Amino acid sequence: MAYRSGGPKVLAIVLAGGEGKRLMPLTRDRAKPAVPFGGIYRLIDFALSNVVNSGYLKVVVLTQYKSHSLDRHVTKTWRMSTMLGNYVAPIPAQQRIGKSWYLGSADAIFQSLNTITDEKPDIVVVVGADHVYRMDFSQMVDQHIASGAGVTVAAIRQPRSEADQFGVIDVEPDDPTRIRAFLEKPKDPQGLPDSPDEVLASMGNYVFTADALIDAVTKDSTTEGSKHDMGGDIVPALVAQGAASVYDFKNNVVPGGTERDMGYWRDVGTMDSYYDAHMDLVSIHPVFNLYNYDWPIYTTYGPFPPAKFVHGAHGRFGEALNSAVSPGVVISGARVIGSVVSPDVHVHSYTEVEDSVLLDGVQIGRNCTIRRAIIDKNVTVPEGTTIGVDREADLARGFTVTDSGITVVGKGQEIAPGPDAPAAPEGDA
């Protein structure tokens with residue numbers, strides 16, 4: 001097991017079976033935790049980095065939906081020293097208990113109880129795989145052990161006026177670390193004892209005493225009417241037993257963190273929140289700082305060369321402003337502003353890309369205009385194409401357009417050539 005200098009034996013379980021329907025078309029060919037993010041990462045890299053940075057180096061990743069790219073990424077990227085018995089192991093649904101696939105997050109753990117009984121941990125850290133944040137779980141584990149609770153739920157403070165968007169944790173007034181009730185999207189909950197205008201919203205991260213987790217998911221497996229969900233069924237059951245506590249995320253201090261990014265957490269479960277989280281990365285003073293080398297986000301992005309910016313005359317200036325540009329990118333006589341550009345993207349001359357997210361392998365021809373768009377992997381944008389300029393035209397071409405006006409082009413989606421573009425001087429692209 002992973003030891004912290006004589007500390008408890010800890011096993012980490014990452015719940016990575018999310019289907020991610022609200023992130024369509026990005027989840028058409030991949031599980032939600034496998035969705036690319038921030039240029040070179042996958043969403044699951046944030047959860048795994050937090051776990052291993054916390055010192056917990058035995059990790060199982062429970063997968064289910066469209067898991068091939070997720071399993072491949074975890075297997076190729078997350079390799080640790082086998083000499084010390086450390087591992088990150090993707091485990092697909094196996095029908096170990098019966099003939100059903102995972103029926104929910106709690107059922108996923110119940111069907112994979114062998115991972116716990118084989119390792120015999122004292123503590124099990126259970127985390128979601130599709131949030132963007134930094135967190136030192138060892139601090140939460142320390143509080144959990146001191147509390148004597150069966151489960152501790154990580155929670156982030158949110159405005160009381162927005163409580164109906166979250167699972168809200170109602171705490172005991174005399175002991176704000178004890179959970180009195182777990183409320184699902186309440187209309188008018190009570191505020192916190194020290195901040196009446198705020199509530200605690202569940203982050204989907206938990207620390208369990210191993211015996212309590214085994215007992216809870218085993219009982220839940222035969223409970224009539226249960227949805228077999230960690231937040232919806234397991235936590236309320238332990239709350240009813242008086243065995244649940246809460247960990248306030250605002251108390252978590254990550255090495256290298258700043259006052260500006262302390263407490264940053266984003267659930268990128270919708271296309272708009274996914275887009276907004278990317279825009280957080282490219283602000284002049286990023287709300288979420290990828291450049292914290294004391295708590296790195298680990299990943300791998302292949303054998304790509306450095307990014308290249310070419311042309312600087314005759315109206316062609318290859319440049320990127322307020323943008324995050326990945327290895328393997330060539331910006332050739334084009335202008336990129338306020339965007340995140342993933343590996344192996346090529347943007348050709350006289351094109352302007354603004355406030356957009358370009359995923360791996362996107363090729364954008366000359367004289368294109370891209371505004372507030374997300375373009376998935378391996379899309380070729382023909383010369384003279386506009387995306388994100390005319391909502392009705394985008395919808396007519398089969399693109400997804402959110403209510404806030406973000407245009408999304410699916411992975412490998414074919415785009416018909418645009419009108420003839422103005423003639424450009426001869427030369428490189």
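Tabulated values for the structure
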item	result
Residue in the stretch 38-49 that is touching a residue at least 60 places away in the same chain (Cβ under 8 Å), open to solvent by 40 Å² or more (accessible area, probe 1.4 Å) and part of a helix (DSSP H, G or I) present	no
Segments classed as strands (runs of 3 or more DSSP E), wholly inside the stretch 325-376, with at least 1 members that are closer than 14 Å to Ile406 by Cβ, in contact with a helix residue (DSSP H, G or I) (Cβ under 7 Å, 6 or more places away or on another chain) and touching a residue at least 12 places away in the same chain (Cβ under 8 Å)	373-375
Single residue of the stretch 396-411 satisfying the filter (within 10 Å of Pro25 (Cβ to Cβ) and assigned to a loop (DSSP other than H, G, I, E, B)) that is most open to solvent (accessible area, probe 1.4 Å)	Lys411
Selection from the stretch 167-191 of residues that are within 17 Å of Met230 (Cβ to Cβ) and either open to solvent by less than 40 Å² (accessible area, probe 1.4 Å) or part of a strand (DSSP E or B) (or both)	Gly167, Val168, Ile169, Ile179, Ala181, Phe182, Leu183, Glu184
Search result, residues across the stretch 210-246 that are of a type in the set (S, T, N, Q) and in a helix (DSSP H, G or I)	Thr218
Test: residue in the stretch 82-93 that is crowded, with 24+ Cβ neighbours inside 10 Å and closer than 28 Å to Trp295 by Cβ	no
Selection from the stretch 365-421 of residues that are among the acidic types (Asp, Glu) and more than 21 Å from Ile331 (Cα to Cα)	Asp390, Glu392, Asp394, Asp403, Glu414, Asp420
Filter result for the condition that a residue is more than 25 Å from the chain's Cα centre (by Cα), open to solvent by 40 Å² or more (accessible area, probe 1.4 Å) and not small (Gly, Ala, Ser), over Lys250, Lys219	Lys219
Restricting the stretch 56-76 to residues that are free of Cβ contacts under 8 Å to residues at least 60 places away in the same chain and among the basic types (Lys, Arg), the residue that is surrounded by the most Cβ atoms within 10 Å (Cβ to Cβ)	Lys66
From the options Ile297, Ile337, residue that is β-branched (Val, Ile, Thr), open to solvent by 10 Å² or more (accessible area, probe 1.4 Å) and touching a Leu at 6+ places or on another chain (Cβ under 6 Å)	Ile337
Some residue of the stretch 192-206 being open to solvent by 20 Å² or more (accessible area, probe 1.4 Å), on the phi < 0 side of the Ramachandran plot and part of a helix (DSSP H, G or I)	no
Residue tally, condition in contact with a strand residue (DSSP E or B) (Cβ under 6 Å, 6 or more places away or on another chain) and either basic (Lys, Arg) or open to solvent by less than 30 Å² (accessible area, probe 1.4 Å) (or both), over the stretch 113-122	2
Of all residues making up the stretch 380-395, the number that are part of a loop (DSSP other than H, G, I, E, B) and surrounded by fewer than 21 Cβ atoms within 10 Å (Cβ to Cβ)	5
Residue that is nearest to Leu43 (Cα to Cα) [pool: residues in the stretch 311-322 that are touching a strand residue (DSSP E or B) at 6+ places or on another chain (Cβ under 6 Å) and open to solvent by less than 40 Å² (accessible area, probe 1.4 Å)]	Ala320
Lone unmet requirement of (1) in contact with a Ser or Thr (Cβ under 9 Å, 6 or more places away or on another chain); (2) over 27 Å from Val330 (Cα atoms) for Ala240	(1)
Members of the stretch 55-82 found to be of a type outside the set (Phe, Trp, Tyr) and under 28 Å from Met279 (Cβ atoms), listed by number	Lys66, Ser69, Leu70, His73, Val74, Thr77
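The values are calculated or read from the model by the stated rules, or taken from the named source; none is laboratory data. Predicted model only: the values in this text are computed from it and were never measured. Cβ coordinates were reconstructed from backbone atoms using ideal geometry, including for glycine residues, and neighbour counts include every protein chain displayed. Accessible surface is based on the protein model in full, side chains and every heavy atom, while ligands, DNA and RNA are left aside. Shrake-Rupley method; radii C 1.70, N 1.55, O 1.52, S 1.80 Å.
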